[in-house]
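Derivation of every value follows stated rules applied to the coordinates shown; laboratory data play no part. On a predicted model such as this, the values are computed, not experimentally measured, just so you know. Here the Cβ positions follow ideal geometry from the backbone for every residue, glycine too, while neighbour counts run over all protein chains shown.
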């Protein structure tokens, strides 16, 4: 008796049709994807400006260190390299009401950085600071050499205490300047030869670096190839100060959990390794306002820049506040006489001789 024919196999079920939101996400191109390129251009422009300032100051310092006439002008922006002098100037200004006549531009830059942090988080660190620019460059090298597939993440149990080191350094400087030093001692130091020649000593350090300096610098570069933005994340007291100020900023990155499909591109893009994909609002003091997360987002309307209780704002507002705020501070200070030092070139020459530069 012939065998019964096997029943025909049921046709395979058709795959479910994608939802309209999935179709839209597949076709979506992030409108903020140009943010990293624009940030790199801003950082590069400011770094080039600082290199020009350094060259101008080197000419001035060489003439002051010599015995001939001093014809080169001292660029005020060189005081951006003197954050401790600026902190001393701030202490004196708060105690006496007297603006720092030695390094006035340094105080302007410090107050401007604090001001933009109150408005736009730590945008100064990611859009302007030259150390942040160099940290990004080292990250770029590491991403294209050692970590082509994925940069290794620092365990949270290790990252959290090491991130606290910069706040300990900040506390040390603040307590030393604002508590341990009386106002009279601060004024005496501000007007003393070492503070007058602090920028020249900095120049000497870069021109003739010691073995210790080179070892520390090399260690930081090597470490930054293993840990993204090692200096900025763990050791920079200036960034710690701006991070504290950023707690009052009305702006932050907001994530819409309904639009998020948990691709974690935002977290991978974050230089501070903040777990953006788990946050409703990124309020961490480690957030530098670089907006890498917003530029990396793969879902429409998932990440945006907002102020509390308000609709989303254009992410371009944050860098506009940073760059515009710094330029406005410079313009006001220059127009009102709070930018140029009141110290004569001959007084600088006297200070150089006292501390052993030139002569």
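Ranking of 124, 60, 338 by neighbouring Cβ atoms within 10 Å, starting from the fewest: 338, 60, 124. Per the Kirkwood formula applied to alpha carbons, the stretch 276-340 shows a radius of gyration over Rh ratio, Rg over Rh, of 1.13.
The equivalent ellipsoid that matches the C-alpha gyration tensor of the stretch 172-284 spans semi-axes of 39, 23, 10 angstrom, in descending order.
Between residue 131 and residue 212, the contour length at 0.36 nm per residue exceeds the alpha carbon distance by 27.2 nm. Reported to the nearest whole Å, the Cα centre-to-centre distance from the stretch 174-200 to the stretch 326-359 is 16.
Taking a ≥ b ≥ c as the square roots of the eigenvalues of the Cα gyration tensor, the stretch 187-228 is prolate, since a/c reaches 1.5 or more and a/b is larger than b/c. The mean sequence distance of close C-alpha pairs (under 8 Å, at least 6 residues apart), as a share of the length of the chain, puts its relative contact order at 28 percent.
With neighbours defined as other Cβ atoms within 10 Å of a residue's Cβ, the residues 167, 238, 46 order from fewest to most as 167, 46, 238. For residue 71 and residue 171, what does the FRET efficiency come to when R0 = 41 Å and r is the distance between their Cβ atoms, rounded to the nearest 0.05? Using R0 = 41 Å, I get an efficiency of 0.40.
Based on the convex hull around the alpha carbon atoms, the stretch 217-277 presents an average projected area of 5.4 nm².
Calculated translational diffusion coefficient of the stretch 26-82 (37 °C, 0.692 mPa s; Stokes-Einstein with Kirkwood radius over alpha-carbon pairs) equals 232 µm²/s. Counting only the Cα atoms, the chain fills a convex hull of 192 Å³ per residue.
Relative to the first principal axis of the alpha-carbon coordinates of the chain, what is the inclination of helix 104-120, with its axis defined by its Cα atoms, in degrees from 0 to 90 and to the nearest 10? With both axes taken from Cα atoms, the answer is about 20 degrees. Taking only the alpha carbons of the stretch 81-183, we obtain Rg and Dmax values of 17.8, 56 Å in that order.
Structure remark: mean-square fluctuation, Gaussian network model of the chain, C-alpha springs under 10 Å; the largest value among 291, 242, 146 belongs to 146. Calculated FRET efficiency, residue 52 to residue 313, Cβ-Cβ distance, R0 = 35 Å: about 0.55 to the nearest 0.05. Here the peptides 79-88, 208-217 are ranked by packing, the mean other Cβ count within 10 Å, and the order with the highest first is 79-88, 208-217.
Arranged from fewest to most other beta-carbon atoms within 10 Å of their beta carbon, 32, 127 become 32, 127.
Relative to one another, the C-alpha centroids of the stretch 245-283 and the stretch 64-136 are positioned 31 Å apart. The angle between the Cα long axis of helix 130-145 and the main principal axis of the chain comes to about 40°, on a 0 to 90 degree scale. Angle, helix 165-175 long axis vs. longest principal axis of the chain, Cα atoms, 0 to 90°, nearest 10? Tilt of helix 165-175: around 30 degrees.
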